[in-house]
Amino acid sequence: STYHALNVKVEKRYSHGMNFLTNYTWSKFIDTSADRNTLGNPAGFQHLELRRLDKALAGSDMRHRFVGSAVYEPPFGRGRKWDIRNPVLNAIAGGWGLAVIAELRTGSPHGATEQTNRSNTFSASQRTNILRDPKITGDRTRGEMLARYFDTSAFEAPAAGMFGSAGRAVGTGPGKVGLDTSINKRWRIRDRYGLQFRGDIYNLPNRPNFANPVTARGSGTFGKITNIQNGSTGRQIQLSLRLEF
């Protein structure tokens, strides 16, 4: 495998109620086989002794990835920049905290294989013949993208006992946008006790992050997207109240 990357980190350590950490990676990852933890689904090998034919973008290749997190405490409340002495006003406006975690990345590569392997090489798969670039350009609705993510007519079956002309990776699947936030408020109850409220919102924009399309030519769902990415859910809101002593 071969991996090259540019990695940029910007960090602000905690001061004046705020800290943040951001990281951007621009990379290219090439290999000759897929491991069990790969993100995408590039095609498997066609012949065990001809591994040079399998060199392609790895399933975990993500060309662009940005991850950022931040915590902010507004400067209102007891002990902060704008100290609020009034206990009622401080109980309402003071002691708040905000946090956010975001991830934005491009998609992972996918291949295209025959549903029935007729290469007679006892290989993991038989790749298809590729006739042209299968990428579909132009604005499309979400429904159109899910029903036909790439041009399925750009592939055809190779003859029995022949290798397909397509590489292990012929396209890139959907990317990911993740945004989680939280808000918290703490009240001090005398010296021994504290009460903390916390609200966590996962997938704040309620955006579905779709998985790669079905890549087995001959399947009724070839070229369609039928799943979401692992770990992806709809918006979830969690509220909690904790007594500290």
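Listed values, structure above:
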read-out	value
Qualifying positions in the stretch 64-108 - within 13 Å of the chain's Cα centre (by Cα) and either in a loop (DSSP other than H, G, I, E, B) or closer than 15 Å to K185 by Cα (or both)	T106, G107, S108
Selection count where residues are within 30 Å of E156 (Cβ to Cβ) and open to solvent by 70 Å² or more (accessible area, probe 1.4 Å), scope the stretch 64-117	2
Qualifying residues in the stretch 128-142 (those that are free of Cβ contacts under 8 Å to residues at least 24 places away in the same chain and not hydroxyl-bearing (S, T, Y)) - the one surrounded by the most Cβ atoms within 10 Å (Cβ to Cβ)	I136
Close pairs (8 angstrom Cβ cut-off, 6 or more residues apart or separate chains): over 23 Å from W26 (Cα atoms) and among the hydrophobic types (A, V, I, L, M, F, W, C) in the stretch 93-115, in a strand (DSSP E or B) and open to solvent by less than 10 Å² (accessible area, probe 1.4 Å) anywhere	W96/K185; A112/R127
When residues of the stretch 13-31 are limited to those that are more than 18 Å from the chain's Cα centre (by Cα) and open to solvent by less than 60 Å² (accessible area, probe 1.4 Å), the one farthest from R80 (Cα to Cα)	D31
Checking T141 against (1) touching a Gly at 6+ places or on another chain (Cβ under 8 Å); (2) farther than 23 Å from A58 by Cα, the condition it does not meet	(1)
Test for R36: is it open to solvent by 30 Å² or more (accessible area, probe 1.4 Å) and at pLDDT 90 or above	no
Check on N212, within 18 Å of the chain's Cα centre (by Cα) and within 16 Å of R105 (Cα to Cα)	yes
Subset tally (residues that are farther than 27 Å from P75 by Cα, basic (K, R) and touching a strand residue (DSSP E or B) at 6+ places or on another chain (Cβ under 7 Å)) for the stretch 177-233	2
Any hit, the stretch 41-63, residues being farther than 14 Å from G173 by Cα, under 20 Å from the mean Cα position of the chain (by Cα) and loosely packed, with under 15 Cβ neighbours inside 10 Å	no
Identity of the residue in the stretch 1-12, over 30 Å from Y72 (Cα atoms) and open to solvent by less than 70 Å² (accessible area, probe 1.4 Å), that ends up nearest to the chain's Cα centre (by Cα)	A5
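The values are calculated or read from the model by the stated rules, or taken from the named source; none is laboratory data. Keep in mind it's a predicted model, so treat the numbers as computed, not measured. All Cβ positions, glycine included, derive from the backbone under ideal geometry; neighbour counts span all protein chains shown. Heads up: the accessible areas ignore ligands, DNA and RNA and are worked out on the full protein's heavy atoms, side chains in. Shrake-Rupley method; radii C 1.70, N 1.55, O 1.52, S 1.80 Å.
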